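Here the structure is laid out as structure tokens; the discussion comes afterwards.
The values are calculated or read from the model by the stated rules, or taken from the named source; none is laboratory data. All of these numbers come straight from a predicted model, not from anything done at the bench. Cβ: placed from backbone, ideal geometry, glycine included. Neighbour counts: every protein chain shown. Protein only, heavy atoms only, side chains kept; ligands, DNA and RNA dropped before computing areas. Shrake-Rupley method; radii C 1.70, N 1.55, O 1.52, S 1.80 Å.
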Amino acid sequence: MARISAKIFLLILLGLVSSSLYAQNTKYIPLKVPDSLAAAKRDRADQKDMGDVLQTVFHLKPSAKKDTVGLKPVISVVPALGYSLQSRLAVLLAGNAAFRTAPQSNVSTIISSLAYTENKQVTLPIQSSIWSHDNNYDFVGEIRLYHYPQSTFGLGSSSNIENEAPMDYDYLRFSEIALRKITGDFYIGGGYIIDYHADITIEPTENGTVSDYTNYVPKKSLNKPNRHTTSSGFTLNGQYDTRDSPINASEGFYATYEFRQNLKTMGSTTTWSSLILDVRKYFKFPANSSNVLAFWSYDWLTLSGKPPYLDLPSTLWDASTNAGRGYIQGRFRGAQMVYGEAEYRYHITNNGLIGGVIFVNAETFSAAPGTRLQTVEPAFGPGLRVKLNKVSKTNISIDYGFGTQGSHGLFVNVGELF
């Protein structure tokens, strides 16, 4: 797996630090309206973030901007550097807009970034969460525009890393889901999702074996030029969220489900259905500390039919692209995915500027639809947290994960992974 040099590591940190300067000047409170803004300010009075450090080092004047989000959008645009196993070094232009549709509504957000990677990938994701003025509705949208060279390693969690076969394709996703408040923190709703992969090509495996992709795809369409697949259908969704912060939770519970039905009559290549269950729980541990013990379960199941190969459940292809630290994106793929993770988050400095994590996860996949789950593949590793913004509790996450068959690598994110 890919390694990272000290020089690249420093470049990443410099890019992220440049982000923190701007983030400190456009402070952003958690999505839920606090009971007492004054109490929230007191709680963070002795806390420090990268903006405070840079102000001290470079003798900068404290920002005069308010640390709340109002009806007028707060817009941030910043260049940065990133790194992951699937992309290697990435140069990106990231931006977001935060606003309220009414003074007491939750914060609505639109987040996007344009990136070009060392692996010649071009990505443009756009995510949005727009709350109604009374918080009775949440409209959740996503658009992905990718040119994405990426290898596949076969089906099932027993697949061999030496079966790597380089692929290339263009990818478009459009998703829009409307959630309606039923009671308290429980929302249900539905929407529409389309995943379109075009100009799909695959090269021979590095060890000369026949790839699972070749066996999976219908022979009559395997060699067609400009090969493409479409998955188009409706979803039924539910959400229950009692977290104290959706950005960096220290306690609470979060659960969502998504039932998806793709139909040929709606343009799909095949008719198939799936179910995603995402459950997370957070505890303060010890109870009187700021340290957090977090658990995550993510199950992505094909219920019927035969999805296109690139729409099968896969490592790090969940909505947040975080399920599977320790492995390259797409390392495991199959009709059924069962995933679990535990992480302990602790303070290293009393002012909250520096923290650490220890994580362990495990995943298992079946191969083609109708087959059983295979071996359980574990991963583990340590991580470092640097406080980017003390108002929203946003951290720079720097983790190093170790998996099986020699898989290992650095994972850099802005924000907690779950």
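Side notes on the structure shown:
- Per-residue packing, averaged as other Cβ atoms within 10 Å, sorts the ranges 144-150, 99-105 into the order 144-150, 99-105, beginning with the highest.
- Listed residues L155, A178, P73: farthest to the positive end of the dipole of the chain (Cβ charges): P73
- Think of the chain as a dipole: +1 on every Lys or Arg Cβ, -1 on every Asp or Glu Cβ, centred on the Cα centre; then among F285, N350, F365, N350 lies furthest on the positive end.
- A Förster radius of 41 Å, combined with the Cβ-Cβ distance separating I126 from A287, puts the computed FRET efficiency at roughly 0.55.
- Over all other residues within a Cβ to Cβ distance under 15 Å of K219, the charged ones net out to +3, with Lys and Arg as +1 and Asp and Glu as -1.
- 222 nm mean residue ellipticity, helices alone, for the chain (DSSP H n ≥ 4; -39,500 (n - 2.57); rounded to 500): -3000 deg cm²/dmol
- Using the Cβ of K284 as centre and a radius below 11 Å, the other residues enclosed give a net charge of -1, where K and R count +1 and D and E count -1.
- For the set S320, S290, solvent exposure ranked by accessible area (probe 1.4 Å, protein chains only) runs largest to smallest as S290, S320.
- Region 310-418, accessible area per residue, ligands and nucleic acids excluded (1.4 Å, Å²): 31 Å²
- The packing ranking, built from the mean of other Cβ atoms within 10 Å per residue, places the peptides 310-316, 354-360 in the order 310-316, 354-360, highest first.
- Element breakdown for the chain at a 1.4 angstrom probe: carbon and sulfur atoms account for 62% of the accessible area.
- Tilt relative to the chain, helix 6-25 - C-alpha long axis, 0 to 90 degrees, to 10: 50 degrees
- Estimated dipole of region 141-183 in Debye, rounded to 20 [Cβ of Lys and Arg +1, of Asp and Glu -1, Cα centre]: 440 debye
- Packing around the peptides 151-162, 387-398, taken as the average count of other Cβ atoms within 10 Å per residue, puts them in this order, highest first: 387-398, 151-162.
- Region 349-396 and region 280-327: distance between their alpha carbon centers, rounded to Å: 9 Å
- Summing charges over neighbours of S129, with a neighbour being any other residue whose Cβ is under 11 Å away from its Cβ, gives -2 when K and R count +1 and D and E count -1.
- Applying the Karplus relation 6.51 cos²θ - 1.76 cosθ + 1.60 with θ = phi - 60° to region 140-146 yields 3J(HN,Hα) values of 10, x, 8, 10, 10, 10, 10 Hz, where x marks Gly and Pro.
- Surface accessible to a 1.4 Å probe, per residue, for the residues of region 134-285, Å²: 47 Å²
- For region 263-330, the Cβ-based charge dipole about the Cα centre amounts to some 120 debye (Lys, Arg positive; Asp, Glu negative; other atoms uncharged).
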